[in-house]
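Reviewing the structure listed below.
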Amino acid sequence: MGAGAWWEGTRMVAGRNLAEGARSRAVRITTLILLVVGLAVVIVPKLLGDDEPTYTLATVGEASAPVRAQLDAASETAEFAVAYLPKGGAQEVELAVREGDATVGLAGSTMFVRTDAPGSFPVLVAQAVVAEQSAAMLLDAGLTPEQLAEVTSLPPPEQVEVGPVQDEGRAGVGFIVGIVLYLAIVISGNVIANNVGIEKSTRIAEVLLAVLRPSQILVGNVLGIGLQTLVQLLVLSVPIIAALTVTDGLDLPSAAAADIALALAWFVLGFFIYAFLFAAAAALVDKVSEVSSVITPVTTFLVVAYLAAIIVVPQDPGSALSVFLSMFPLTSPMAMPVRWSSGTVPEWQLVASMVLAIGAAVLIAWFGSSVYRRALVITGRRLKLREVLPEKG
């Protein structure tokens with residue numbers, strides 16, 4: 001059989017799977033849900049993005065100009081609003097705080113703070129009061145207003161955030177990507193396994209084998225389900241990538257868009273690594289009811305890889321275990337996207353990980369095809385793996 005004829009048969013099987021998926025109500029509903037989720041991720045932050053917290057400061061009379069200036073400057077930097085509530089005396093200030101009309105109250109040297117007040121705002125008020133009193137003492141000590149302005153205008157030290165990741169927002173996206181990739185691979189793998197189990201138990205495979213090679217049936221199943229799942233991931237990802245690259249609706253770094261796009265490539269690699277294992281395992285069954293038990297080893301390893309990716313890697317992306325998980329082909333499809341989003345991975349490790357994954361996908365495809373080819377033609381009983389392993393030599 002020539003390459004053209006082989007591909008034509010494979011395309012026919014893949015097309016059949018795609019057509020069945022398009023007719024499936026469950027697939028259409030799932031795709032619609034993913035579209036709604038993708039749009040919600042874009043729209044909801046825009047609807048909520050303009051809401052900034054407002055803190056109220058109650059004072060005896062009008063708040064002093066220095067205190068106002070300090071709090072207003074802090075509010076612009078930290079993106080919150082400050083409202084000022086003048087009262088006639090200390091008791092009224094305390095009552096305003098107690099009844100929830102004010103977040104913090106100032107009455108001379110006394111500051112009233114609600115028990116549920118955010119920790120940062122009372123501190124800012126206290127700093128503003130101390131700064132006002134310090135300025136008054138310096139003026140009394142003989143400093144001129146110009147000298148006082150020089151002292152109070154000293155900039156704070158530059159703040160540099162350090163931690164296991166360079167950007168928490170981007171790392172959060174990577175964490176979610178790891179979860180989505182796991183779900184996509186495990187769900188599509190189960191669909192392939194069930195398809196193979198149905199084809200074998202209902203003898204559909206025997207009909208297909210009359211005109212097609214086992215490799216055509218296997219690759220057609222894998223490609224059909226893989227394309228269907230990839231389309232669903234695109235439906236979920238495209239609105240988010242567009243929002244990250246075109247608009248400012250999401251409070252996330254622009255690098256997250258590239259991370260999501262890269263995750264689609266990792267899905268393809270991870271899917272091909274595990275899809276052939278799911279198909280080969282399912283070919284061992286004689287009844288559809290046996291599929292879930294026979295694919296348990298593959299599913300178990302996939303679950304372990306997923307848990308390691310979302311638990312171990314975020315804690316310390318640079319540890320030896322995290323590096324191993326992101327380079328080992330059976331775990332890298334989940335672990336490398338999470339680790340890469342930390343911003344601390346050398347590019348050569350990403351390239352090496354993908355090359356290793358491609359090599360593993362080719363080897364597993366060959367192994368899975370060999371097992372599938374031998375198991376598909378044996379019916380009447382459940383097979384053991386050793387009965388259909390590729391012959392040595």
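A few remarks follow.
- Which listed residue, of Gln349, Gln315, is assigned by TED's automatic domain parsing to the domain that holds Ala283 and modelled with pLDDT of 90 or more: Gln349
- Of the criteria (1) closer than 23 Å to Val222 by Cα; (2) among the polar types (S, T, N, Q); (3) part of a helix (DSSP H, G or I), which one Thr379 fails: (3)
- Odd one out for Gly318, checked against (1) of a type outside the set (A, V, I, L, M); (2) over 14 Å from Gly174 (Cα atoms); (3) in a helix (DSSP H, G or I): (3)
Per-residue answers, yes or no, for (1) β-branched (Val, Ile, Thr); (2) at pLDDT below 85:
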site	(1), (2)
Gly21	no, yes
Ile29	yes, yes
Thr54	yes, yes
Val60	yes, no
Ala65	no, yes
Gly88	no, no
Thr103	yes, no
Phe112	no, no
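Residue by residue, here is whether (1) modelled with pLDDT of 75 or more; (2) farther than 28 Å from Ile33 by Cα holds:
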position	(1), (2)
Lys200	yes, yes
Asn221	yes, no
Leu233	yes, no
Leu244	no, no
Leu250	no, no
Ser254	no, no
Ala258	yes, no
Ala261	yes, no
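- No other residue among Ala102, Ala63 is closer than 23 Å to Ala136 by Cβ, in contact with a strand residue (DSSP E or B) (Cβ under 8 Å, 6 or more places away or on another chain) and in the same structural domain as Leu139 (by TED's automatic domain parsing) apart from Ala63.
- Within region 92-114, the residues that satisfy the criterion of being farther than 16 Å from Ala126 by Cα and not in a helix (DSSP H, G or I) are Glu99, Gly100, Asp101.
- Subset of region 321-363 that is assigned to a loop (DSSP other than H, G, I, E, B) and crowded, with 21+ Cβ neighbours inside 10 Å - its residue that is nearest to the chain's Cα centre (by Cα): Ser341
- Taken over region 285-309, the residue count meeting the criterion of being crowded, with 20+ Cβ neighbours inside 10 Å and modelled with pLDDT under 85 is 1.
The values are calculated or read from the model by the stated rules, or taken from the named source; none is laboratory data. Quick caveat, the model's predicted, so the values are computed rather than measured. Backbone-built Cβ (ideal geometry, glycine too); neighbour counts: all protein chains shown.
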